[in-house]
Amino acid sequence: MRSKALVLAAVLTLSACGGAGETPATGGGGSGDPAPGVTDDTVLIGTHQPLTGPAAPGYSTISAGAKAMYSHINDNGGIHGRKIEYRVEDDGYNPTRTVEVVKKLVLQDEVFAIVGGLGTPTHSKVVDFLNTEGVPDLLVASGALMWDDPAKSRMTFGFQVDYTREGKILGDYIAKTFPDAKVGVFHQNDDVGRDGMAGLEKHVTITSAQGYDPANTDVLPQITALKQAGADVVVCECVPAFTALAILTSARIGYKPKFVVSSIGADPRTLTGLLSEFGKRAGAEVSAPQLLTGLIGAGYLPDVNLTSDPWTALFREVHQKYIPDVPLTNTVVYGMAQAYTFAQALKEAGRDLTREGIIKVMESGVLTGPGLTPFAFSPESHSGYTGAYVFTINADGNTTVVQEPVVTDRGDGPIEPAPTGRKTPSDIGLVG
Amino acid sequence: MLRHLLLALAALAAIVALTFLVDPFTNIRIATVGYLLLAVAGLTVLTGLTGQISLGHGAFLFIGAYTVALLVVYVPSLPFWVDLLAAAAAAGLAGVLTGAAAARLHGPYLAGATLALAVGLPAITQRFPDFLGGSNGLGFTVNSKPAGIDIPSTQWQAWIVWLTVLAALVLLANLTRGRVGRRLRAVRDDEVAAGLAGIHVGRTKITAFLVSAVCGGLAGGLQAFLLGTAAPGSFTPALSLGLLAAMVLGGVGSLWGALWGAVALVALQAGTEELAHALELGTDVANNLPLAAYGVVLIAVVMAFPQGIHGLVRRMRPVKPEGAA
């Protein structure tokens, strides 16, 4: 009996030679095989989006925008004769669902790439998987720093300005504009908040930092704590739904700080919609314009109301043609810009499309896009946009830029004006 | 007893053969059936054999999943099977504690107490967001595949899951066919009579909770292994109720019933999702379709075959000894 147990133990030990949390010596990776998801006339890509759940109010229209842009490209002949098939899976902002749907997209549907997977808590659970399988993981819809790790996750690339750069820019603006203010932070309890505060703290002293959990929509304790700490400026590092909740909750308890909102939660039209909806649900008449007037936000894409911008003109045209029923917001524009950027990479990768090929294009730094600041993409950095501009919301719902686009790094580098001379859609000549 | 072992070995061989025939994603589904089967089997011991209802079984899965997750993240040098044993032990401990409290409760009070566990326990992640990751949960990759084996990782995962599940089921089958099983059934049928016959009713109930929780913990650990994540969103009260419904659907009181229930859970979900994709249904409809379909099937089965799917299977076969596993 004893010897049997010993043998059993030996077998078990041998059968699992490594520790469960250790990384095996041999890793997978991209290969030169014909790329999955690519046929003569199509390329299949997938994404995970919160079409339901806590992040859906606000973010569910991103994929609608992306889909419209892909339709626009496909109707104009596609890229190198291939139409882009865009498969959207709903993960409800629930990490477990994300793992399931991404595995389905990769293993069952065999997509060429995952494009614009949304969310820090969600996407962080599939980065290892996608890199092990060698699946390009492009333009992640989150500003967390972890997408920028080329040594470990070579397949993964960010898109939007990361939270630390953005935090620095917002912190700098606050320090210049409200030098005597006490600054509080209301943040999502994950990398969104951590990375954002790392940037903020380079320029301001944080009086009180209050985290929220996306599964819990009662933010009264946090807002009360900020009020008691006497914060006159509250920086929101939150998704749109929680920006709206923070604003509503403050109004309810008669707390009127200056709200400064990071780009992920600062789309005026989305916030207007959310405020009225949440207000209605709580049985109160809410004047969204009144609550939003004076709110300060960050952005890196051309504002939807900036009709003089050639990119906005294109986005408006695509919106009018394909999704006129969806309100045109900066969130929709986000989806369109992301789709355009991916299509541009696809075009640069050439007709002989491979997964390795598109990674090379991403790292080459040739991509310039709708954004007002350049991408950081290079073999050493997989970070997306390198800066942002700061705006305030006017009483009529339009925005005024109060800080022209600036770029910076994640360290102690200076904040400098962004290079001017962006390419226009006709310069890039993606289709037609 | 030997029969159970042979049956399990045959089943393992069949599963391994099956994993070679299907695509990698289907292997994940096969593995999902495995861990759900174990969870439902545990519930069968508790409810089917001992007559104690648990609306909170998801809590034991939660404990198992987080035990594996924390060990993988913080003690990376431990091999995976040690993590699994720890998950079983942690859930077992929770089971004993729950059982000790629950042995005094009956009917709706027991149901309420266990439901509270399923609702309350996952919220602990929000209390310790840095340690347990809040509602984002923990993410990790479990390294379990020996270097020499060159098969897709999902296939390997399916093997590991089913090896664990079948080993646990053999133990469970032997346990329920033996003296312990007789005691459990005696308590279920008449507590007073069982007590007069010299059976310690409270201790027996706690044993049932222990066995059941160990199965749940293992199932949760396997889920964490399979998905590489442990997040409170997967352990909602809906999971606990789903397991209970799967047990009823499969057939209360039989380990075979647990199998049918687990298969139905996974197959209905997969089938309706594909249907929703094929028909290009809107998100709101598509997200509710699996639950609606599940509800309809559950109602239909309970109306037509009160003994569940296994009742139907048994009726189609000639005489078979009771409780065969």
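Before moving on, here are some points about what is shown:
Residue-by-condition table, conditions (1) farther than 19 Å from B:Leu71 by Cα; (2) surrounded by fewer than 23 Cβ atoms within 10 Å (Cβ to Cβ); (3) more than 20 Å from the chain's Cα centre (by Cα); (4) within 14 Å of chain A (Cβ to nearest Cβ):
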| position | (1), (2), (3), (4) |
| --- | --- |
| B:Leu172 | yes, no, no, no |
| B:Val180 | yes, yes, yes, no |
| B:Arg203 | yes, yes, yes, no |
| B:Ser212 | yes, no, no, no |
| B:Ala219 | no, no, no, no |
| B:Ala224 | no, no, no, yes |
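- Qualifying residue in the range B:40-63 (condition: within 14 Å of chain A (Cβ to nearest Cβ), surrounded by 18 or more Cβ atoms within 10 Å (Cβ to Cβ) and under 23 Å from B:Val170 (Cβ atoms)): yes
- Residue satisfying all of: in the range A:185-230; acidic (Asp, Glu) and surrounded by fewer than 18 Cβ atoms within 10 Å (Cβ to Cβ); farthest from the chain's Cα centre (by Cα) among these: A:Asp218
- Which listed residue is at pLDDT 90 or above and touching a helix residue (DSSP H, G or I) at 6+ places or on another chain (Cβ under 9 Å), from B:Leu132, B:Leu115, B:Leu110, B:Leu105: B:Leu115
- Answer from A:Lys182, A:Lys176, A:Lys258 - the residue that is touching a residue at least 60 places away in the same chain (Cβ under 8 Å), surrounded by fewer than 23 Cβ atoms within 10 Å (Cβ to Cβ), farther than 21 Å from A:Ala55 by Cα and not hydrophobic (A, V, I, L, M, F, W, C): A:Lys258
- Of the listed requirements (1) part of a loop (DSSP other than H, G, I, E, B); (2) among the hydrophobic types (A, V, I, L, M, F, W, C); (3) more than 19 Å from A:Asp427 (Cα to Cα); (4) within 23 Å of the chain's Cα centre (by Cα), A:Leu353 misses just one: (4).
- Residue in the range A:29-39 that is modelled with pLDDT of 95 or more and under 27 Å from B:Leu227 (Cβ atoms) present: no
- Answer residue from the range B:75-125, given it is among the aromatic types (Phe, Trp, Tyr) and closer than 20 Å to B:Leu226 by Cβ and is farthest from the other protein chains (Cβ to nearest Cβ) among those: B:Trp81
- Residue list for the range B:71-80, restricted to those being in contact (Cβ under 8 Å) with a residue 60 or more places away in the chain and either buried (at least 23 other Cβ atoms within 10 Å of the Cβ) or closer than 24 Å to B:Phe209 by Cα (or both): B:Val72, B:Phe80
- Residue check, B:Ala197 over 23 Å from B:His310 (Cβ atoms), surrounded by fewer than 24 Cβ atoms within 10 Å (Cβ to Cβ) and more than 14 Å from chain A (Cβ to nearest Cβ): yes
- The set of residues in the range A:179-200 that are part of a loop (DSSP other than H, G, I, E, B), away from chain B (no Cβ under 11 Å) and among the charged types (D, E, K, R) comprises A:Asp180, A:Lys182.
- Of all the listed residues (A:Asp396, A:Asp325), the sole one being out of contact with any Leu (no Cβ under 9 Å at 6 or more places or on another chain), on the phi < 0 side of the Ramachandran plot, surrounded by fewer than 24 Cβ atoms within 10 Å (Cβ to Cβ) and not assigned by TED's automatic domain parsing to the domain that holds A:Ser71 is A:Asp396.
- Scanning the range A:266-288 for residues that are over 14 Å from A:Ala56 (Cβ atoms), in contact (Cβ under 8 Å) with a residue 12 or more places away in the chain and assigned to a helix (DSSP H, G or I) turns up A:Pro268, A:Arg269, A:Leu271, A:Thr272, A:Leu275, A:Ser276, A:Gly279, A:Ala288.
- Residue match in the range A:72-81 (condition: at pLDDT 85 or above, in contact with a Phe, Trp or Tyr (Cβ under 7 Å, 6 or more places away or on another chain) and either crowded, with 22+ Cβ neighbours inside 10 Å or facing chain B (nearest Cβ under 10 Å) (or both)): yes
- Only listed residue being within 14 Å of chain B (Cβ to nearest Cβ), more than 20 Å from the chain's Cα centre (by Cα) and of a type in the set (A, V, I, L, M, F, W, C), chosen from A:Val106, A:Val135, A:Val101, A:Val88: A:Val106
- Remark: B:Ser135 matches the filter, which requires a residue to be within 14 Å of chain A (Cβ to nearest Cβ) and either crowded, with 24+ Cβ neighbours inside 10 Å or under 23 Å from B:Leu12 (Cβ atoms) (or both).
- Any hit, the range A:115-122, residues being surrounded by fewer than 22 Cβ atoms within 10 Å (Cβ to Cβ) and out of contact with any Gly (no Cβ under 7 Å at 6 or more places or on another chain): no
- Residue among B:Gly233, B:Gly178, B:Gly228 that is out of contact with any helix residue (DSSP H, G or I) (no Cβ under 9 Å at 6 or more places or on another chain) and either of a type outside the set (A, V, I, L, M) or within 16 Å of B:Ser54 (Cα to Cα) (or both): B:Gly178
- Residues that are among the hydrophobic types (A, V, I, L, M, F, W, C), touching a helix residue (DSSP H, G or I) at 6+ places or on another chain (Cβ under 7 Å), at negative phi and assigned to a helix (DSSP H, G or I) do not occur anywhere in the range B:149-157.
- Residue count for the range A:201-251 under the criterion of being part of a helix (DSSP H, G or I), free of Cβ contacts under 8 Å to residues at least 24 places away in the same chain and within 14 Å of chain B (Cβ to nearest Cβ): the result is 1.
The values are calculated or read from the model by the stated rules, or taken from the named source; none is laboratory data. Given the structure is predicted, the values throughout are model-derived calculations rather than measurements. All Cβ positions, even for glycine, are placed from backbone atoms using ideal geometry, and neighbour counts span all protein chains on display.
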